[in-house]
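For reference, the structure discussed in these notes is given below.
Where a number appears in this text, it was derived from the coordinates with a stated rule and is not lab data. Only a predicted model underlies this, so the values are computations on that prediction, with no experimental measurement involved. Cβ placement follows ideal geometry from the backbone for every residue including glycine, while neighbour counts extend to all protein chains displayed.
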Amino acid sequence: MSSHSNIALTGFMGVGKSMVSKKLSTLLDRPVISTDAMVIERAGMPIADIFREYGEQHFRQLEAEVIQDIGKKTGVIIDCGGGILLNPENVTALKQHATLIYLKASPDCILENLQKTDGFKKRPLLDVDDPLAKIKTMMTERQAYYEQAQMTIDADFKTIDEITESVLKAVNND
Ligand code: S3P
């Protein structure tokens, strides 16, 4: 793995991207850049408020701007919001500047993770009456987008340490 290359983690909400990013950051001594955090900073408000006040389209526009900015960085871990790969320009930019890794888990695992961390309120797309049904539908719709990543890591009911180890193995063999 070149010291200049970035590692970008993608996958569905609640799969563990942020926690794995932090772990990788410590182990590899590289900074983490969170696209969600950058969007929040740019908008000056939390994600749920951006969706409510300006709509998902506006959120996606901010995300795309953030990805273009990140392209100039090297040697970082990029923690991608779960919808980043829906925009083909984001996919192109990420693949150009990073090894793009898909953390894959089942809807049941995602639901359990989000319940444990009370993660529904800050994720407007899952702040619904039947989150499991929504997760299943969205995951089916998004599967092909996530599979554009260069590598897929099995994150289904795995610990953060296990996922991190798999990511490290994958990038070291690259
Ligand atoms: C989204 C995922 C979220 C956040 C926003 C939309 C998505 O990020 O960007 O709520 O469309 O999948 P996480 O994947 O970090 O939860």
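Which residues, counting only those in the range 42-81, are of a type in the set (D, E, K, R) and within 30 Å of Val171 (Cα to Cα)?
Scanning the range 42-81 gives Arg60, Glu63, Glu65, Asp69, Lys72, Lys73, Asp79.
Any idea which of Ile70, Ile77 is surrounded by 16 or more Cβ atoms within 10 Å (Cβ to Cβ), within 18 Å of Leu103 (Cβ to Cβ) and touching a residue at least 24 places away in the same chain (Cβ under 8 Å)?
Going through Ile70, Ile77 in turn, just one is surrounded by 16 or more Cβ atoms within 10 Å (Cβ to Cβ), within 18 Å of Leu103 (Cβ to Cβ) and touching a residue at least 24 places away in the same chain (Cβ under 8 Å): Ile77.
Out of (1) more than 19 Å from Val20 (Cβ to Cβ); (2) crowded, with 16+ Cβ neighbours inside 10 Å, the odd one out for Leu111 is which?
The one condition Leu111 does not meet is (1).
Applying the selection to the range 99-116, what residues are more than 16 Å from the ligand (Cβ to nearest atom) and under 20 Å from Val32 (Cβ atoms)?
Residue satisfying the conditions is Thr99 alone.
Restricting attention to the range 83-93, does a residue exist that is in contact (Cβ under 8 Å) with a residue 60 or more places away in the chain and under 14 Å from the mean Cα position of the chain (by Cα)?
Checked against the condition, which is being in contact (Cβ under 8 Å) with a residue 60 or more places away in the chain and under 14 Å from the mean Cα position of the chain (by Cα), the range 83-93 yields at least one hit.
Given the criteria of a type outside the set (A, V, I, L, M), touching a helix residue (DSSP H, G or I) at 6+ places or on another chain (Cβ under 6 Å) and at negative phi, does Pro131 qualify?
No: the conditions fail for Pro131.
Please go through the range 118-157 and pick out each residue that is in contact (Cβ under 8 Å) with a residue 40 or more places away in the chain and over 16 Å from the mean Cα position of the chain (by Cα).
If the condition is that a residue be in contact (Cβ under 8 Å) with a residue 40 or more places away in the chain and over 16 Å from the mean Cα position of the chain (by Cα), then Lys121, Asp127, Phe157 are the ones that fit.
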